[in-house]
Amino acid sequence: MVNEARSQWVALALTSLGHFVNDGSTMFIPVVAAIVASEKAVPILTVTLMSIAFYASSSLFAVFVGRWADTRGSHATMIGVGLSLLSTSLLGFFVSIALTAGSLLATLAVISSIIAGFGSAYYHPLAATVLQGIFLAKSKGKALGVNGAAGGLGATTYPVLFFFAAILLSRGGAFILLALIGFAASLIIPLGLRGRTMTERVRNGEESSKAREALTRGIVILTVVTAVRSISATGISFWLPTYISTQKGAGIGTLLGLTLGVMYATAIIGQLFFGVLVDRFDKRLVLGIGSAGSALSTLGYIFSAGTIEFLFIGLFGLFTFSIFPTLLALASEYVPDTSASLANSLVWGLGITGGSVIGPLVVGVIVGNNLPDLNIAFELMAVTGMIGALATPLMPKPVRAERPVLLS
């Protein structure tokens with residue numbers, strides 16, 4: 001029992017490190033987009049293409065990743081591969097911004113976005129499967145919440161770390177520093193998780209994963225509802241650094257980093273808070289509350305000014321970026337253990353990331369080359385988010401009995 005508990009917390013600590021690096025890297029990409037839009041005089045179309053390239057590649061690749069993990073069980077190694085790809089993309093962004101201009105800059109930025117998309121496809125479904133398999137049903141939400149809080153910490157830290165490192169080193173040095181952190185984590189995590197994350201079915205060969213097991217009615221409806229929420233949330237969050245730097249007058253500097261830091265810092269609290277809620281209340285209700293809160297706080301931020309903006313941007317972060325424990329705890333109740341990774345990948349890849357392709361694209365189309373139209377676009381995204389919140393009762397009530405999978 002003691003060894004089992006130790007293995008659980010080691011796995012939680014290492015997957016939390018992965019979440020820190022993964023979310024820090026992926027949430028930093030909108031900052032890169034803001035730099036490109038504000039300083040490099042490229043068409044807004046380039047920023048839109050970056051978002052499409054990132055989210056579309058992540059969405060399409062996620063299903064493959066989930067299926068591969070269910071059949072091979074190599075979760076730890078695959079998490080390391082994903083973090084390596086994300087770190088490689090940061091180096092690509094550095095090269096594109098520092099050494100190129102014009103069409104070459106746009107091309108390299110889009111290619112780097114594709115690489116980042118491939119890298120981001122790995123972490124969430126695989127880490128969720130690891131945690132779903134080793135924690136009891138009554139504590140699963142809390143474990144996912146702690147893990148998600150580490151992701152919020154990474155998202156909070158990376159923009160601030162980047163801007164301060166740029167002052168102390170250089171902007172190029174800051175990109176390289178973030179990439180080195182990712183490469184180090186990509187080595188540490190597989191080594192630390194080795195022998196701790198193989199599921200019972202992979203070890204004993206008792207069962208084989210079937211793709212159709214993941215296509216339950218609950219997973220399909222959850223994926224659609226999640227996609228609607230994601231269109232709203234990502235349509236706003238991807239363009240938010242650009243909105244803050246141009247429409248709120250923050251520019252590219254410490255004020256932008258501070259604003260984003262407040263937003264992501266509240267997500268740390270939100271992950272823990274929602275992790276507790278999903279263990280105690282109907283997960284569908286918790287999901288709906290998060291969607292509604294995200295939409296309403298967006299409207300508050302748009303129509304406010306001064307210090308109160310930080311309140312609304314904090315609430316936006318709390319509701320918007322706390323989806324990990326709620327969504328994947330709910331997904332695990334709609335499928336058998338043998339298809340958990342694929343189900344997670346469908347909900348996260350096609351729901352969260354698939355919706356993320358549409359949201360920033362819609363905002364980009366509305367804006368065109370007129371950045372003040374971001375206000376109108378954000379209002380439309382907020383309405384979409386409320387639709388997603390109202391649709392959550394359409395999901396069926398989970399009925400699957402949960403059981404932990406012991407570690408090797």
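Our estimate of slack between L255 and L177, defined as 0.36 nm per intervening residue step minus the Cα-Cα distance, is 26.0 nm.
Based on the inverse mean of 1/r over its pairs of different Cα atoms, what is the Kirkwood hydrodynamic radius of the range 31-71, in Å? Could the numbers behind the result be given before it?
Working: mean 1/r = 0.0849 Å⁻¹.
One decimal place: 11.8 Å for the Kirkwood radius.
What are the membrane-span-like helices in the chain by this rule: whole DSSP H runs, Cα extent along the axis at least 30 Å, mean Kyte-Doolittle hydropathy at least 0.5? Don't skip to the end; give the middle numbers.
Working: long enough: 2-39 (55 Å, 0.72); 44-72 (42 Å, 1.04); 75-99 (36 Å, 1.69); 137-168 (46 Å, 0.82); 171-193 (34 Å, 1.96); 217-246 (43 Å, 1.10); 254-280 (39 Å, 1.44).
Membrane-span-like by this criterion, though nothing is claimed about a membrane: 2-39, 44-72, 75-99, 137-168, 171-193, 217-246, 254-280.
For R217 and L285, FRET efficiency with R0 = 25 Å and r from the beta-carbon atoms, rounded to 0.05? Computed FRET efficiency for L285 and R217 comes out at 0.85.
When you restrict to C-alpha pairs under 8 Å that are six or more residues apart and normalise by the size of the range 253-366, the relative contact order lands at 32 percent. Label separation (F164 vs K397): 5.0 nm, computed from points 7 Å beyond Cα along the C-beta direction.
Placing pseudo-labels 7 Å out from each Cα toward the beta carbon at F273 and A101 gives an inter-label distance of 4.7 nm. Distance between the modelled labels on I366 and E39, one decimal in nanometres: 2.8 nm (7 Å Cα→Cβ projection).
Between amide H atoms placed 1.01 Å from N, distances below 5 Å from F135 occur with V405, all of them 5 or more places distant or on a separate chain. In the chain, the convex hull through the Cα atoms has an average projected area of 17.5 nm², a quarter of its surface area.
What does the highest-first list of 241-247, 104-110 look like by mean Cβ count within 10 Å?
Numbers: 241-247: 22.0, 104-110: 18.4.
Those peptides, ordered most packed to least, come out 241-247, 104-110.
Between the amide H of L169 and any residue lying 5 or more places away or on another chain, no distance stays under 5 Å, with hydrogens modeled in the peptide plane.
Between A13 and I387, what length comes free when the chain is fully extended (0.36 nm per residue of separation minus the Cα-Cα distance, one decimal in nm)? If you can, show how the numbers build up before the last one.
Numbers: separation 374, 0.36 × 374 = 134.64 nm, distance 3.62 nm.
Length difference between fully extended and current span is 131.0 nm.
Every number in this text was worked out from the coordinates using simple rules, so none of it is lab data. What you see is a predicted model, and the numbers here were worked out from it, not measured in a lab. Neighbour counts are summed over all protein chains in view; Cβ atoms, including those assigned to glycine, are modelled from backbone coordinates with ideal geometry.
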